[in-house]
Amino acid sequence: MAARIFQISKAVNQSGQGRSGKWVLEFESHARKRPDPLTGWSGGADTQAQVSINFDSLEAATAYAEREGIAYHVIPATTRKLRIQSYADNFK
């Protein structure tokens, strides 16, 4: 049972910063997903992959994983790249 810990990024279609600093622990799926013959949706028997736990900090997430004996790896947070340009640059 392995898990990954990552930071939630800001939604692309919204300008607010709500929930953008939270860290999430998600369990990785070990079972292969297979399509349902009736609906065509992909699914599997691994219900652990549906669990995600939110934390306020990376330290809290790693402490939880170590306390519960969960093998984990941390995905580093990505930084936003801002391209500052003036309105007149659109017409060059």
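The values are calculated or read from the model by the stated rules, or taken from the named source; none is laboratory data. Remember, predicted model here, so these are calculated numbers, not experimental data. Reconstructed Cβ throughout: ideal geometry from the backbone, glycine too, with neighbour counts over all protein chains shown. The protein model used for the area step is the full one, side chains on, heavy atoms only, and it has no ligands, DNA or RNA in it. Shrake-Rupley method; radii C 1.70, N 1.55, O 1.52, S 1.80 Å.
Out of the residues in segment 42-92 meeting the condition of being open to solvent by 70 Å² or more (accessible area, probe 1.4 Å) and of a type in the set (Gly, Ala, Ser), tell me which one is farthest from His30 (Cα to Cα). Top of the filtered list is Ser42.
Residue by residue through segment 24-41, note down the ones that are surrounded by 13 or more Cβ atoms within 10 Å (Cβ to Cβ), of a type outside the set (D, E, K, R) and either touching a residue at least 24 places away in the same chain (Cβ under 8 Å) or touching a Ser or Thr at 6+ places or on another chain (Cβ under 8 Å) (or both). Across segment 24-41, the qualifying residues are Val24, Leu25, Phe27.
Val12 meets the conditions (1) open to solvent by 100 Å² or more (accessible area, probe 1.4 Å); (2) part of a helix (DSSP H, G or I) in every case but one. The failed one is (2). Of the residues examined, Glu26 is not one that is of a type in the set (D, E, K, R) and assigned to a helix (DSSP H, G or I).
Within segment 61-92, being more than 20 Å from Ile5 (Cβ to Cβ) and assigned to a helix (DSSP H, G or I) holds for Tyr87, Ala88, Asp89, Asn90, Phe91.
Among the residues of segment 33-60, those that are farther than 16 Å from Gln7 by Cβ and either in a loop (DSSP other than H, G, I, E, B) or of a type in the set (Val, Ile, Thr) (or both) comprise Lys33, Asp36, Pro37, Leu38, Thr39, Gly40, Trp41, Gly44, Ala45, Asp46, Thr47, Val51. Pairs linking a residue in segment 2-23 that is over 25 Å from Ile70 (Cβ atoms) to a residue that is modelled with pLDDT under 75 and surrounded by 12 or more Cβ atoms within 10 Å (Cβ to Cβ), with Cβ atoms under 6 Å and 6 or more positions apart or on different chains, are Lys10/Ser20.
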